[in-house]
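Asker: Below is a structure I'd like to ask you about.
The values are calculated or read from the model by the stated rules, or taken from the named source; none is laboratory data. Computed from a predicted structure; not experimentally measured. Every residue, glycine as well, gets a Cβ built from its backbone with ideal geometry; the counts of neighbours run over all protein chains shown.
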Amino acid sequence: MNNFPDLIRLGEGDEVRDVPHPVSPQGPELYEYALADSLTMSFPGHADIRVYEVRFRPRNFRASRIIGSLFLDVATADLVKMTFNFTRAAYLDPQLEDISIAVENMLWGGRYWLPFHQEIEIRRRATWLDFPARGIIRGRWEIDGYRFNQGLDPRLFGPGPEISAAPEAERDTFQWSEPLDVAIRDVGRPAQLQDFDALRAEAVGMAMGHVLTGLRQTQIAGGSVSEFVHYNRVEGLAGGAGATFRSADEARELRLHGGAATATWLPTGSLAASLRHGPVTWRLGGSRTVRDLGDLPVISGAMNSLLAEEAGADYGDYYLSASANAALVRSLGSRTAATMTLGWERVDSLATKAAWARGTFSRPNPGVDEGDWATAQLTLRRQTRSFATTSDFSGLVAIEGGLGPLDYARAFGEARWQAPLRHTRVVVRAAAGVLAGQAPRHRAFVLGGRGTLLGEAFRSLGGRRLAWTSVEWQVPVTIPELRLGSFAGTGPVLTVAPNLAVGWIGGRIAGLPAGPARGPDAAFGLGLAWFHDLIRLDLGYGARGRRFAAAVDVSRDFWDIL
């Protein structure tokens, strides 16, 4: 709470220890400074305060230093705000990816700039594996209610720790009337958190190519668990592995992946090279992969592999894609990016070759229109901030075209919005699309069943035009917790989520087994999320088919990495 002394240390010094502060006496010898901005703060009954933003960076990026921004009161040189990251050499734990910190002070009594709001984010990754999942520790403190000249006992500020706990007997007099997560719900998840993605992007820009993270330059890599091993009815059991190679400044990266399927010995793989300069990234790559027809994800990869192998239920429709492309990615903020891609793609049909544990698959894999296409695509994507936040908006818009055996133009967009409603949460998802031209089957829109209209036949609708939305009300209900050892349990809350989904498909495509709908179709559902919302059971009733269906999976928040 003291805005860090001359030498910065976190916790017990296990992550970061004795990093020089940029405004310490030795700071000018170790850091470079630049005046970035200025602002004037006005308070009732107080003279205006002039504040300068001063950006700082190390003179030696190979040393243990920090990089970021200081906001200083020009008249008093007091610290108003400070945001920063560390250099790679500062991290003592090899699993640390990066640490971001923001401290903000407030003027008290018209003269004292004292701590008010502080946040820290610590991100960790495995040292040997490049995988899109990380451990994140995030802390937030708000300090207020300062009182001055209270005549405190001088012994309070004598020898001993700066912060100490009251005796246990005194602590036991405070009783909690509700669970801790409920008690801090309103203050623990504010509408506006520090945007650490933007803070990291600013630090990278100031570093001008120097390394700021603790990631290794060479690692085994995979985009999801399913890239290492998965099972479906066209490949059978398929395995793969990849690797990532980075330059010392992490501006250049090469990613490789290769795999093979046991049912047909179908080889797959990908190669992608990227070059980043500030907010712009150039990418060049090629791949030979098995793709799914659907735009909307309906199941996690791990769960689909389990159900396909053990129950004969494969929730995918597959085709083989061999492609080469070049892309330009322009960052438009910490969570938004625009991508322009030009490429070539060869598309081929795949037949069902594998069998599940007790027999053959009853649903055949649909064919596609085979051939070569020259493609162009423009995508605007906004990523979700975090599944821990209660209010968020994310989605994408993609416009593409293809010249080949069947020329086409296609537009697709999807969005997800969630917002708190007292102690509950409302989640709205929507998607829409249109396919013009000669309409090859591998660019069709499909709908129905698990993930979209639970209760209707899986992907019983298909065509040129798509409109779909779902509304879900998530209500936490207190239940008895089942303990699983000394340090784990199922959690004392069951999330009950009644929902409604409405979808429509229009415009028939020749050769596609599924056809359009005569009108909007609806599915009424009830979701139950348990085990800290990790496990989800969905029950649905399809209004058109008049039948019930059930689906079990892990939370959608983890589908991308499974």
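Asker: Report yes if Gly519 is surrounded by 14 or more Cβ atoms within 10 Å (Cβ to Cβ) and assigned by TED's automatic domain parsing to the domain that holds Ala431, otherwise no.
Answerer: Spelling it out, it is not the case that Gly519 is surrounded by 14 or more Cβ atoms within 10 Å (Cβ to Cβ) and assigned by TED's automatic domain parsing to the domain that holds Ala431.
Asker: Restricting attention to the range 330-365, which residues are on the phi < 0 side of the Ramachandran plot, more than 28 Å from the chain's Cα centre (by Cα) and in a strand (DSSP E or B)?
Answerer: Matches in the range 330-365: Trp344, Glu345, Arg346, Val347, Asp348, Ser349, Trp356.
Asker: For Glu253, which of the numbered conditions (1) surrounded by 15 or more Cβ atoms within 10 Å (Cβ to Cβ); (2) acidic (Asp, Glu); (3) more than 26 Å from the chain's Cα centre (by Cα) fails to hold?
Answerer: (3)
Asker: Quick check on my filter: what residues within the range 286-344 are among the charged types (D, E, K, R), within 27 Å of Phe393 (Cα to Cα) and in contact with a Pro (Cβ under 9 Å, 6 or more places away or on another chain)?
Answerer: Of everything in the range 286-344, just one residue is among the charged types (D, E, K, R), within 27 Å of Phe393 (Cα to Cα) and in contact with a Pro (Cβ under 9 Å, 6 or more places away or on another chain), namely Arg330.
Asker: For Arg57, state whether it is in contact with a helix residue (DSSP H, G or I) (Cβ under 8 Å, 6 or more places away or on another chain), touching a residue at least 24 places away in the same chain (Cβ under 8 Å), surrounded by fewer than 16 Cβ atoms within 10 Å (Cβ to Cβ) and within 30 Å of Asp130 (Cα to Cα).
Answerer: Values: in contact with a helix residue (DSSP H, G or I) (Cβ under 8 Å, 6 or more places away or on another chain): yes; touching a residue at least 24 places away in the same chain (Cβ under 8 Å): yes; surrounded by fewer than 16 Cβ atoms within 10 Å (Cβ to Cβ): no; within 30 Å of Asp130 (Cα to Cα): yes.
So Arg57 does not fit the description; no.
Asker: Something else: Of the residues in the range 176-227, how many are modelled with pLDDT of 65 or more and within 17 Å of the chain's Cα centre (by Cα)?
Answerer: 11
Asker: Does Arg425 satisfy the condition of being in the same structural domain as Arg459 (by TED's automatic domain parsing) and either over 25 Å from Pro366 (Cβ atoms) or acidic (Asp, Glu) (or both)?
Answerer: In short, yes.
Asker: Suppose we filter Trp504, Trp473, Trp468 for residues that are buried (at least 23 other Cβ atoms within 10 Å of the Cβ) and modelled with pLDDT of 95 or more; which single one remains?
Answerer: Answer to the selection: Trp468.
Asker: Output the residues belonging to the range 442-484 that are part of a loop (DSSP other than H, G, I, E, B) and at negative phi. Break it down into steps so the answer makes sense when it comes.
Answerer: Taking the range 442-484 and keeping what is part of a loop (DSSP other than H, G, I, E, B), we get 444, 448, 450-452, 455, 457-460, 464, 479-482, 484.
Answer for the range 442-484, where residues must be part of a loop (DSSP other than H, G, I, E, B) and at negative phi: Ala444, Arg450, Thr452, Ala457, Phe458, Ser460, Arg464, Ile479, Pro480, Glu481, Leu482, Leu484.
Asker: If you go through the range 387-394 one residue at a time, do you hit one that is at pLDDT 95 or above and either hydrophobic (A, V, I, L, M, F, W, C) or within 23 Å of Gly286 (Cα to Cα) (or both)?
Answerer: no
Asker: Quick one: in the range 139-148, of everything that is in contact (Cβ under 8 Å) with a residue 24 or more places away in the chain and outside any loop (DSSP other than H, G, I, E, B), which residue is farthest from Gln95 (Cα to Cα)? Talk me through it step by step, then tell me what you get.
Answerer: Step one: filter the range 139-148 for residues in contact (Cβ under 8 Å) with a residue 24 or more places away in the chain, giving 140-144, 146, 148.
Now drop any that are not outside any loop (DSSP other than H, G, I, E, B), which leaves 140-142.
Working: Arg140: 22, Trp141: 25, Glu142: 29 Å.
The extreme case among them is Glu142.
Asker: Next up: Among the listed residues Gln418, Gln377, Gln383, which satisfies the condition of being of a type outside the set (Val, Ile, Thr), under 23 Å from Ile509 (Cα atoms) and surrounded by 14 or more Cβ atoms within 10 Å (Cβ to Cβ)? Write out each step before concluding.
Answerer: Working: Gln418 fails: under 23 Å from Ile509 (Cα atoms); Gln383 fails: under 23 Å from Ile509 (Cα atoms).
Exactly one of Gln418, Gln377, Gln383 is of a type outside the set (Val, Ile, Thr), under 23 Å from Ile509 (Cα atoms) and surrounded by 14 or more Cβ atoms within 10 Å (Cβ to Cβ), namely Gln377.
Asker: Sticking with this one: Look through Asp560, Asp521 and report the one residue that is over 24 Å from the mean Cα position of the chain (by Cα), of a type in the set (D, E, K, R) and closer than 19 Å to Val298 by Cβ.
Answerer: Asp521
Asker: If the requirement is being over 22 Å from Arg363 (Cβ atoms) and surrounded by 18 or more Cβ atoms within 10 Å (Cβ to Cβ), which of these qualifies: Arg335, Arg330, Arg276?
Answerer: Arg276
Asker: OK, next. Looking at the range 152-175, can you tell me whether even one residue there is outside the structural domain of Ser305 (by TED's automatic domain parsing), at pLDDT 70 or above and within 21 Å of the chain's Cα centre (by Cα)?
Answerer: Within the range 152-175, none of the residues are outside the structural domain of Ser305 (by TED's automatic domain parsing), at pLDDT 70 or above and within 21 Å of the chain's Cα centre (by Cα).
Asker: Please state which one of Leu342, Leu293 is surrounded by fewer than 20 Cβ atoms within 10 Å (Cβ to Cβ) and touching a strand residue (DSSP E or B) at 6+ places or on another chain (Cβ under 7 Å).
Answerer: Leu342
Asker: A further question on this structure: Quick one: which of Ala411, Ala431 is within 26 Å of the chain's Cα centre (by Cα), in contact (Cβ under 8 Å) with a residue 60 or more places away in the chain and under 18 Å from Pro297 (Cα atoms)?
Answerer: None of the others qualify; the one that does is Ala431.
Asker: Okay, moving on. Pull up the range 264-289, narrow it to residues that are of a type in the set (Val, Ile, Thr) and farther than 30 Å from Ala238 by Cα, then point me to the one that is modelled with the highest pLDDT.
Answerer: So the first thing to find is which residues in the range 264-289 are of a type in the set (Val, Ile, Thr), and the list is 264, 268, 280-281, 289.
Then drop every residue that is not farther than 30 Å from Ala238 by Cα, which leaves 280-281.
Numbers: Val280: 87, Thr281: 90.
That would be Thr281.
Asker: Take the residues in the range 345-370 that are surrounded by fewer than 15 Cβ atoms within 10 Å (Cβ to Cβ) and of a type outside the set (Val, Ile, Thr); name whichever of them is modelled with the highest pLDDT. Reasoning before the result, please.
Answerer: Restricting attention to the range 345-370, the residues satisfying the condition of being surrounded by fewer than 15 Cβ atoms within 10 Å (Cβ to Cβ) are 348, 351, 355, 357-360, 362, 364.
So of that shortlist, the ones also of a type outside the set (Val, Ile, Thr) come out as 348, 351, 355, 357-359, 362, 364.
Working: Asp348: 96, Ala351: 93, Ala355: 93, Ala357: 91, Arg358: 92, Gly359: 91, Ser362: 90, Pro364: 92.
Filtering the range 345-370 for residues that are surrounded by fewer than 15 Cβ atoms within 10 Å (Cβ to Cβ) and of a type outside the set (Val, Ile, Thr), the one modelled with the highest pLDDT comes out as Asp348.
Asker: Tell me which residues, restricted to the range 522-553, are more than 14 Å from Leu453 (Cβ to Cβ) and crowded, with 18+ Cβ neighbours inside 10 Å.
Answerer: Within the range 522-553, Gly527, Ala529, Asp533, Arg536, Asp553 qualify.
Asker: Here's something else I'd like to know. Please work out which residue is farthest from Ile143 (Cα to Cα), limiting yourself to the range 99-120 and to residues that are surrounded by fewer than 21 Cβ atoms within 10 Å (Cβ to Cβ) and either under 20 Å from the mean Cα position of the chain (by Cα) or of a type in the set (Asp, Glu) (or both).
Answerer: Looking at residues that are surrounded by fewer than 21 Cβ atoms within 10 Å (Cβ to Cβ) and either under 20 Å from the mean Cα position of the chain (by Cα) or of a type in the set (Asp, Glu) (or both), I get Ile120.
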